[in-house]
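Everything below concerns the one structure shown next.
Read-outs throughout are calculated quantities, based only on the coordinates presented, and are distinct from any laboratory measurement. On a predicted model such as this, the values are computed, not experimentally measured, just so you know. Methodologically, a virtual Cβ is constructed for each residue, glycine included, from the backbone with ideal geometry; neighbour enumeration extends over all protein chains shown.
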Amino acid sequence: MRKTVMIICVLACISLLTGVMHNGMVSPEITAAPGQVDPYKTRAELLMDAASYIGVCMPEQAAAIWVKGLEQRSAALQYVVMTDALKKKYAQQLDALRSNWVTGMSSPWVNGYTITEIKKPDDTHAEIGLIIETMASHGRPEYYRARLRLVREGDFWRIEQIQADEGLYWYTLYQP
């Protein structure tokens, strides 16, 4: 899995360094003179756009990266393995919360996961059932269920729907 995350990071960096296209055109933010644009907005737009060009080759990898986002409290890791439609919905929800894209809590924190079920009805769809384990400083684990519906887009598997126990909301900041 580390290899997959590293590949995603390398591809994102390459995309940024080569001038990522935004909706088929070079973003005006890229060609503007320094000082005329918000560099953080430009960086965020480029990274979000780069996420469309990278992905994983197996549904289980998408689930693993999504959970890694829960563990690391990173909405960006959760976002990168979503379909474009789900990315848009998720980003809107994060914006409405005025989120800095940090999810979860320092305690309890996500401590791991177990895949409980994998269904692949055909070559382009999959469903993965998960149990997410959280651990608090008091040492008692709690468990939440999640179900990810995935679709194959080109060479990549992406999450198109997330269903989760209500208690998992604080770790995702996502409402279906």
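Please find, among Leu130, Leu148, the residue that is in contact with a Phe, Trp or Tyr (Cβ under 6 Å, 6 or more places away or on another chain) and not in a helix (DSSP H, G or I).
Details: Leu148 fails: in contact with a Phe, Trp or Tyr (Cβ under 6 Å, 6 or more places away or on another chain).
Answer to the check: Leu130.
The listed residues are Tyr90, Tyr53, and the only one of them that is under 18 Å from Trp157 (Cβ atoms), of a type outside the set (A, V, I, L, M) and exposed (fewer than 15 other Cβ atoms within 10 Å of the Cβ) turns out to be Tyr53. Among the residues of the range 130-170, the one identified as in contact (Cβ under 8 Å) with a residue 60 or more places away in the chain and of a type in the set (S, T, N, Q) is Gln161.
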